[in-house]
1. Of 16, 45, 61, which is the most mobile in a GNM of the chain whose springs link Cα atoms less than 10 angstrom apart?
2. Modelled label-to-label distance, residue 141 and residue 39, 7 Å Cα→beta-carbon offset: nm?
3. Running a GNM on the chain with Cα contacts under 10 Å, which residue among 75, 102, 22 ends up with the highest mean-square fluctuation?
4. Return the calculated 222 nm mean residue ellipticity for the chain, to the nearest 500 deg cm²/dmol, obtained by summing -39500 (n - 2.57) across DSSP H runs with n ≥ 4 and dividing by the residue count.
5. Highest GNM mean-square fluctuation, the chain, Cα pairs closer than 10 Å: which of 51, 13, 98?
6. Which option, [x] 43, 31, 24; [y] 50, 31, 27; [z] 89, 46, 25, is the value of Cα extents along the principal axes in Å that was calculated from these coordinates?
7. May I ask you to derive the relative contact order of the chain, considering only C-alpha pairs under 8 Å and at least 6 residues apart, and to give it as an integer percent?
């Protein structure tokens with residue numbers, strides 16, 4: 001392996017001595033690692049200004065907000081499912097306390113379902129705003145998530 005490295009080093013030094021690296025395009029200029037060839041020319045200046053001011057296009061900010069809302073909703077689901085399981089499996093659980101836990105769990109599921117429906121509307125609006133070529137966010141299937149959490153018990 002070191003033979004290859006030293007061979008490559010020798011070839012680079014030889015090319016430098018022969019001037020093969022002289023007068024290359026952009027010589028002496030800093031590399032622009034921020035340029036995105038996929039950004040349309042008419043948008044590059046706007047994106048440059050946003051980047052230099054630590055800002056992002058509105059759809060990127062909205063996408064991050066949606067991701068945060070999904071995390072919060074799934075965290076609420078996990079905590080509620082844990083509390084429900086704990087209430088059912090408590091050593092001193094009575095029929096009355098289990099019935100109360102069932103009612104609470106159904107209430108939480110209804111609230112989470114309503115929150116997920118509202119969030120899915122935001123996701124649909126976001127998917128309509130994003131530029132072509134950007135992967136759409138999937139809607140949240142709350143019933144699947146509830147089943148997943150309960151099966152993992």
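1. For the chain, modelled as a Gaussian network with Cα springs under 10 Å, the answer is 16.
2. Between residue 141 and residue 39, the simple spin-label model gives 3.7 nm.
3. Taking springs between Cα atoms under 10 Å, the residue moving most is 22.
4. After summing the helix terms and dividing by the residues of the chain, the value is -24000 deg cm²/dmol.
5. 13
6. [z]
7. In percent, rounded to a whole number, it is 21.
Each value in this text was obtained by applying a stated rule to the coordinates, not by laboratory testing. All values derive from a computational prediction rather than experimental measurement. Methodologically, a virtual Cβ is constructed for each residue, glycine included, from the backbone with ideal geometry; neighbour enumeration extends over all protein chains shown.
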